[in-house]
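In what follows, a single structure is set out as structure tokens and then discussed.
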Amino acid sequence: MVHVRTTPPRPVEVAAVFPELAPLARPAVRLHPRPGSPSVGDSSVGGPLLWPAGEPWPHCEEAHLHGDSGFRQSPAEVRLDRHARARRHEDPYGPSFTPEEEAALERKAAGLAERLDAGPPWPADCPVPLLPVAQLYLRDVPLLRPPAGADLLQLLWCPYDHEPDWKPATAVFWRSAASVGDVLTTPPEPSEANYPGYVPEPCLLAPEVVTEYPGSLDLSPASREAVGDRSRWQAAGVDLDDSYAEYPAEFYDAGLAEAPGWKVGGWPPWGRTDPYRLHCQVCEARMAPLLTIASFEWDGGTRGWAPREDRAAAHAAAHRAGLSPAQPTRVEVGSADNMQLYVCPASPEHPHADLIQ
């Protein structure tokens, strides 16, 4: 880890105002991704994976309509465009490459473009190499709770929308880092992506443990009524801002409940739908949140969660689209939503589940 990010103290201690919520507190690890040049030995978003050279690289075997979104760029071209845009606008939060890295990306982009120009697009049934999304070492993120003998989580996805939910198909791998001998140095890449937001920008992480509480949608009816009762806040001496005076539950949700951004564990960020429970396909156990893949680290309503080190950037004037410091990974899922991954608490080796929220 090469940078530090620190979440400011919450403006109100939830358990002091609502003691009944104290048992619902959960730890979460905010990952705080920031553009960098991770290695296979780093926890990262969009970085290279510690993948055994003798193990086949995972591919998506489902049918794909190549270019059906109207977008037709390879991952290398996407990253080069971002780099050029950041350099053109002197964006300190954008990706930057060494001359050697830029030359390597240009060679890769040219090679993929030559393949596409040589003939018709890949057939719809052609397997698509998956893209690395995240690699997390247990030493950096102790909340992972991997299977016995594993200390490394690797997440990949297919950079195409998949029905019925129109999201990338995900694949999760647990492994022991010490068991990996020779590392695959040049994994295959898809010829194109369905959308640039499905191509993560390589980021280093600064994991930080925080305490979360469930959002109001996850509370019991009685507790939901309590956080929306202005008199409860007044009795505790909390002076709500005028913008929240009529809707105290919004203050609770935006600034006190669950942290925004990429994180492991904690409470899920519901919003597009009401909460619903996911159950393991194998044993029917209620599944637990593993990872939140966020389109943004904060927005206008959750800016108070911006780390101290990013406060100036978070409160600066509007940034150009695609150059926001709140979107370091350049990932965007759904309509600027979150993708949540869930695992079975009885056995992490049981199939995981994912959904857009």
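The values are calculated or read from the model by the stated rules, or taken from the named source; none is laboratory data. Owing to the predicted nature of the structure, the values given are computational and were not obtained by experimental measurement. Note that each Cβ is placed from the backbone with ideal geometry, even for glycine, and that neighbours are counted across all protein chains shown. Note: accessible area is taken over every heavy atom of the protein model, side chains too, but ligands, DNA and RNA are not part of it. Shrake-Rupley method; radii C 1.70, N 1.55, O 1.52, S 1.80 Å.
Just a few scattered comments:
- Within the range 146-157, residues that are surrounded by fewer than 22 Cβ atoms within 10 Å (Cβ to Cβ) have Cβ atoms under 9 Å from residues that are polar (S, T, N, Q) and in a strand (DSSP E or B) in these pairs: GLN154/GLN135, counting only partners at least 6 apart in sequence or on another chain.
- Scanning the range 205-215 for residues that are under 12 Å from LEU21 (Cα atoms) and either at pLDDT below 95 or surrounded by fewer than 16 Cβ atoms within 10 Å (Cβ to Cβ) (or both) gives no hits.
- Matching residues, the range 214-243, being under 14 Å from VAL12 (Cα atoms) and not basic (Lys, Arg): VAL227, TRP233, GLN234, ALA235, ALA236, GLY237, VAL238, ASP239, LEU240, ASP241
- With respect to (1) open to solvent by less than 30 Å² (accessible area, probe 1.4 Å); (2) modelled with pLDDT under 95; (3) out of contact with any Phe, Trp or Tyr (no Cβ under 7 Å at 6 or more places or on another chain), the lone exception for VAL128 is condition (3).
- Test: residue in the range 265-283 that is in contact (Cβ under 8 Å) with a residue 40 or more places away in the chain, under 18 Å from PRO202 (Cα atoms) and of a type in the set (A, V, I, L, M, F, W, C): no
- Sole residue being open to solvent by 20 Å² or more (accessible area, probe 1.4 Å) and either polar (S, T, N, Q) or closer than 21 Å to HIS32 by Cβ (or both), chosen from PRO187, PRO202: PRO202
- Residues that are at pLDDT 90 or above and among the hydrophobic types (A, V, I, L, M, F, W, C) within the range 262-285 comprise TRP262, VAL264, TRP267, LEU278, CYS280, VAL282, CYS283, ALA285, listed in sequence order.
- When we screen PRO275, PRO260, PRO248 for residues that are in contact with a helix residue (DSSP H, G or I) (Cβ under 8 Å, 6 or more places away or on another chain), under 22 Å from SER220 (Cβ atoms) and crowded, with 21+ Cβ neighbours inside 10 Å, the only hit is PRO248.
- Selection of the range 1-41 for residues being free of Cβ contacts under 8 Å to residues at least 60 places away in the same chain, part of a loop (DSSP other than H, G, I, E, B) and under 21 Å from THR211 (Cα atoms) yields PRO9, GLU13.
- If the condition is being among the small types (Gly, Ala, Ser) and modelled with pLDDT of 95 or more, then the range 17-45 contributes ALA22, ALA25, ALA28, SER39, GLY41, SER43, SER44.
- Unmet requirement for LEU49, which otherwise passes all of (1) modelled with pLDDT of 95 or more; (2) open to solvent by less than 70 Å² (accessible area, probe 1.4 Å); (3) in contact with an Asp or Glu (Cβ under 9 Å, 6 or more places away or on another chain): (3)
- Among residues that are among the hydrophobic types (A, V, I, L, M, F, W, C) and crowded, with 20+ Cβ neighbours inside 10 Å, VAL227 is included.
- Some residue of the range 81-88 being at pLDDT below 90 and either of a type in the set (Gly, Ala, Ser) or in contact with a strand residue (DSSP E or B) (Cβ under 6 Å, 6 or more places away or on another chain) (or both): yes
- Top-ranked residue of the range 245-275 - restricted to ones that are assigned to a loop (DSSP other than H, G, I, E, B) and of a type in the set (D, E, K, R), ranked as nearest to ASP165 (Cα to Cα): ARG272
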